[in-house]
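K.L.:
Here you go, one structure.
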Amino acid sequence: MTCSLKIALRHFAALFLLVIGFVARPAAATVEYKVSFAHPEKHRFQIEMKVPVSAQQRDLVVALPAWNALYQVRDFAYRVRDVEASAPAVGTSPLTIVKLDKQTWRIALPDASPGFVNVQYSIEWDEAGPFNSQLNTHHAFLNFAETLMYLPDRRSENVEVTFIDVPSGWRAIAQLPAGHSPASFTAESYDKLVDAPVEIGRSEEFAFDQGGAHFRVIVDSKDWNKSDLENGLKRLTGYELKLMGGPPFKEYTFFFRIGPYPEVGGGGMEHSNCTAIGASSVASAISIAAHEFFHAWNVKRIRPQSLEPVDFTKEQYSRALWFAEGVTSTYGAYTLERSGIWSKEQFYGDLAQQICELQSHPAHKWQSAEESSLDTWFDKYDAYNLPDRSISYYNKGQLLGDLIDLEMRDTTDNHKSLDDVLRQLNDEYAKQGKFYDESAGIRAVVEEVSGKDFGDFFRRYVSGLDEIPYAQFLDHAALTLKTETRQNADLGFYPGRSPSGIIVSAVVPGSPAEAAGLRVDDVLVALNDAPLPGRFQGWLRERHPGETIKLKIRREGEEMELTFALGSREESHCTVTEAAHPTEKQSRIRAGILHGATD
């Protein structure tokens, strides 16, 4: 065989394998979605999913996640209706669909290769807030994992979403690459897609550059002050970017929905390169943003192994949410104070409030920070959130962050701090694409940075139930905790969340609220002729026992008003103040905490 013939045969073999490879693959490399807003008044998204299939496939499995945004199995599939499938390339007859479980469908494919399959369905959503999805005549907001089906064994394929029948004047905004047509976006995988929500409506927008990154701010509000919001965001992003050594992204988007929409309330949902926030005021929006923006590092990139890869089908347990969420709250408070948005008195007030909140929950005696992290999947049950049933890993985690910081500064003569731990985690895990091992991984880095054994601390306060000796830790910075008992106003009932809105989850026996006729499951509509407060506890702190309130409720489709007096409850009130005559070391540690500095 001649050399030229050998070369020709090799080229032919290579070409043959290449052709075979292309034939075996689906006709296209992208899963395409079309989302129709044809009837926003019906709150129903009409969705078409175009899926490439190979000649060898005999069935196609699609599913909808059981959870997203919140650590709660919310079974989004119960909202799905009219699931159909077709293969236009081989005929007009619908394909056979068999439902495998509550959120999974199997589609039988014809013998002849159809090239692609169309899956069509509708899904109803009209719930406000960053954790939900909504379609109405005002706007649309989508968390994609709550609305778009996925291919369980093909999550890594490219995807493209196109919005059609968009009302005139609405525009689609998402922190995703633009697609091939107007109002469309692409992502390199389903997981990347669902990590970026989309707002579609008539929202306002402004932008600024900070620390090497470009920031977009999308605002849906009836009443807001651009100057105040922009100034606050520049302060908090500037501080956190400097703290963490620069941005892990080129562009970041803040989505805000700010009151007085009655349903807004408060809360934020973090994503890798954006966040969605609902707030009752600009000041509240800035406060929430300080926490949510820090998630761009802590939890989105500095992440426990227990949350990777995401399992959309069932609960995903982690013992480390006290750090992922709680210590993010530590840095939310640090950021607000260190950037000048809060005064140091406000910072001390928040610290004192966190202490009182934990101590007022009898459950702190039997539920640890790690157990609270594991049990987060119970959060959707109002009874679980009562003080004698559970503690919050946000609350105790924030305090644990403060205490670790104080202990590290004391043991290293203020040469090392929790700031160094976060930067080390960022270098060791986030930048390397690695994930830490629950609380043990956090403890290892704390000990590496500080040079001290923190085993006793983690055993007693993270996994254990020991009472926290606050005075001992606060004394490192010459801070003093004072606790006094006060008679505070009491609602006489416990509010909770449901698909219907804010409801009465429990009524206190013998309370004025019970005497006025308030019942469990009554839907709360308004309070004193005003929208419901974002946080009832904050609203109560400004009221007095015996004060008369007017509560508008909805019961069995009818609205009514109940008038009754606020009750009285004995509660502890905490204050943190600076001790007089601190030592030189205490002064340096206190300044380090307040300014984010070490010696």
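The values are calculated or read from the model by the stated rules, or taken from the named source; none is laboratory data. Keep in mind it's a predicted model, so treat the numbers as computed, not measured. With ideal geometry, Cβ positions are generated from the backbone for all residues, glycine too; neighbour counts draw on all protein chains shown.
K.L.:
If I ask for residues that are exposed (fewer than 12 other Cβ atoms within 10 Å of the Cβ) and of a type in the set (A, V, I, L, M), which ones from segment 556-577 would you list?
P.N.:
Within segment 556-577, no residue meets the criteria.
So that you can scan it fast, the table gives a plain yes or no per residue for (1) more than 29 Å from residue 318 (Cβ to Cβ); (2) touching a Gly at 6+ places or on another chain (Cβ under 8 Å):
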residue	(1), (2)
418	no, yes
432	no, no
440	no, no
446	no, no
465	no, no
478	yes, no
500	yes, no
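K.L.:
Read through the list (1) touching a His at 6+ places or on another chain (Cβ under 8 Å); (2) under 30 Å from residue 412 (Cα atoms), then give the number of the only condition that residue 577 fails.
P.N.:
Looking at each condition in turn, residue 577 falls short on (1).
K.L.:
Among the strands (runs of 3 or more DSSP E) contained in segment 445-521, which hold 1 or more residues that are touching a Leu at 6+ places or on another chain (Cβ under 7 Å) and over 30 Å from residue 73 (Cα atoms)?
P.N.:
Because the criterion is at least 1 residues that are touching a Leu at 6+ places or on another chain (Cβ under 7 Å) and over 30 Å from residue 73 (Cα atoms), the strands (runs of 3 or more DSSP E) in segment 445-521 that meet it are 479-490.
K.L.:
Has segment 11-26 got at least one residue that is of a type in the set (Gly, Ala, Ser), farther than 24 Å from residue 192 by Cβ and at pLDDT 50 or above?
P.N.:
no
K.L.:
Right, next: Would you please name the residue that is nearest to the chain's Cα centre (by Cα), looking only at residues in segment 514-553 that are among the small types (Gly, Ala, Ser) and within 29 Å of residue 353 (Cα to Cα)?
P.N.:
The residue in question is 534.
K.L.:
Out of all the residues in segment 438-467, which are more than 29 Å from the chain's Cα centre (by Cα) and among the hydroxyl-bearing types (Ser, Thr, Tyr)?
P.N.:
Once the filter is applied, which keeps residues that are more than 29 Å from the chain's Cα centre (by Cα) and among the hydroxyl-bearing types (Ser, Thr, Tyr), segment 438-467 yields only 450.
K.L.:
Residue under question is residue 231, and the condition is that it be in contact (Cβ under 8 Å) with a residue 40 or more places away in the chain, at negative phi and not assigned by TED's automatic domain parsing to the domain that holds residue 340; does it hold?
P.N.:
So residue 231 fails the test.
K.L.:
So, one more: Tally time: how many residues in segment 583-598 are farther than 12 Å from residue 479 by Cβ, surrounded by fewer than 17 Cβ atoms within 10 Å (Cβ to Cβ) and either more than 35 Å from the chain's Cα centre (by Cα) or outside the structural domain of residue 344 (by TED's automatic domain parsing) (or both)?
P.N.:
The qualifying residues number 3.
K.L.:
Every residue in segment 85-115 that is of a type in the set (Val, Ile, Thr) and touching a strand residue (DSSP E or B) at 6+ places or on another chain (Cβ under 8 Å), please.
P.N.:
Answer for segment 85-115, where residues must be of a type in the set (Val, Ile, Thr) and touching a strand residue (DSSP E or B) at 6+ places or on another chain (Cβ under 8 Å): 92, 96, 97, 98, 104, 107.
K.L.:
Scan segment 304-363 residue by residue and report those that are under 20 Å from residue 239 (Cβ atoms) and in a loop (DSSP other than H, G, I, E, B).
P.N.:
The answer is 339, 340, 341, 342, 343.
K.L.:
Could you please give the count of residues in segment 344-372 that are among the hydroxyl-bearing types (Ser, Thr, Tyr) and farther than 22 Å from residue 535 by Cα?
P.N.:
Within segment 344-372, residues that are among the hydroxyl-bearing types (Ser, Thr, Tyr) and farther than 22 Å from residue 535 by Cα number 1.
K.L.:
Within segment 219-228, is even one residue surrounded by 22 or more Cβ atoms within 10 Å (Cβ to Cβ) and either outside any strand (DSSP E or B) or at pLDDT 95 or above (or both)?
P.N.:
no
Table: residues versus (1) over 22 Å from residue 364 (Cβ atoms); (2) touching a residue at least 60 places away in the same chain (Cβ under 8 Å); (3) in contact with an Asp or Glu (Cβ under 8 Å, 6 or more places away or on another chain).
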position: 460; (1), (2), (3): no, no, yes
position: 468; (1), (2), (3): no, yes, no
position: 486; (1), (2), (3): no, yes, yes
position: 504; (1), (2), (3): yes, no, yes
position: 521; (1), (2), (3): yes, no, no
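K.L.:
Hey, can you tell me all the residues within segment 372-399 that are of a type in the set (Asp, Glu), assigned to a helix (DSSP H, G or I) and in contact (Cβ under 8 Å) with a residue 60 or more places away in the chain?
P.N.:
382
K.L.:
Also, I was wondering about something else. Out of everything in segment 526-566 that is in contact with a helix residue (DSSP H, G or I) (Cβ under 6 Å, 6 or more places away or on another chain) and of a type outside the set (A, V, I, L, M), what residue ends up being nearest to residue 281 (Cα to Cα)?
P.N.:
Applying the filter and picking the extreme gives 533.
K.L.:
Can you say whether residue 277 is within 25 Å of residue 501 (Cβ to Cβ), assigned to a helix (DSSP H, G or I) and among the aliphatic types (A, V, I, L, M), as far as the supplied structure shows?
P.N.:
No: the conditions fail for residue 277.
K.L.:
Select from segment 170-184 the residues that are polar (S, T, N, Q) and assigned to a loop (DSSP other than H, G, I, E, B) and write down the one among them that is farthest from the chain's Cα centre (by Cα).
P.N.:
181
K.L.:
Sort out which residues of segment 290-303 are in a loop (DSSP other than H, G, I, E, B) and small (Gly, Ala, Ser), and write them in order of number.
P.N.:
296
K.L.:
Now, a different point. Closer than 25 Å to residue 482 by Cβ and either at pLDDT 95 or above or surrounded by 20 or more Cβ atoms within 10 Å (Cβ to Cβ) (or both): does that describe residue 402?
P.N.:
yes
K.L.:
Something else now. Note down all Cβ pairs under 7 Å where the first residue falls in segment 332-346 and is crowded, with 21+ Cβ neighbours inside 10 Å, the second is assigned to a loop (DSSP other than H, G, I, E, B), and they're at least six residues apart or on different chains.
P.N.:
Short answer, once both residue conditions are applied: 334/596; 336/342; 338/596.
K.L.:
Something else now. Does segment 426-442 include one or more residues that are under 28 Å from residue 348 (Cα atoms) and either surrounded by fewer than 12 Cβ atoms within 10 Å (Cβ to Cβ) or among the charged types (D, E, K, R) (or both)?
P.N.:
no
K.L.:
OK, next. Count, please, the residues in segment 185-218 that happen to be part of a strand (DSSP E or B) and not β-branched (Val, Ile, Thr).
P.N.:
Residues flagged as part of a strand (DSSP E or B) and not β-branched (Val, Ile, Thr) within segment 185-218 amount to 15.
K.L.:
Turning to a different aspect of this structure: Among the candidates 256, 293, single out the residue that is surrounded by 24 or more Cβ atoms within 10 Å (Cβ to Cβ), out of contact with any Lys or Arg (no Cβ under 6 Å at 6 or more places or on another chain), farther than 30 Å from residue 527 by Cβ and at pLDDT 95 or above.
P.N.:
Answer to the selection: 293.
K.L.:
Here's another thing I want to ask about it. Name the single residue, out of those in segment 553-573 being of a type outside the set (A, V, I, L, M, F, W, C) and at pLDDT 95 or above, that is farthest from residue 508 (Cα to Cα).
P.N.:
Here the answer is 561.
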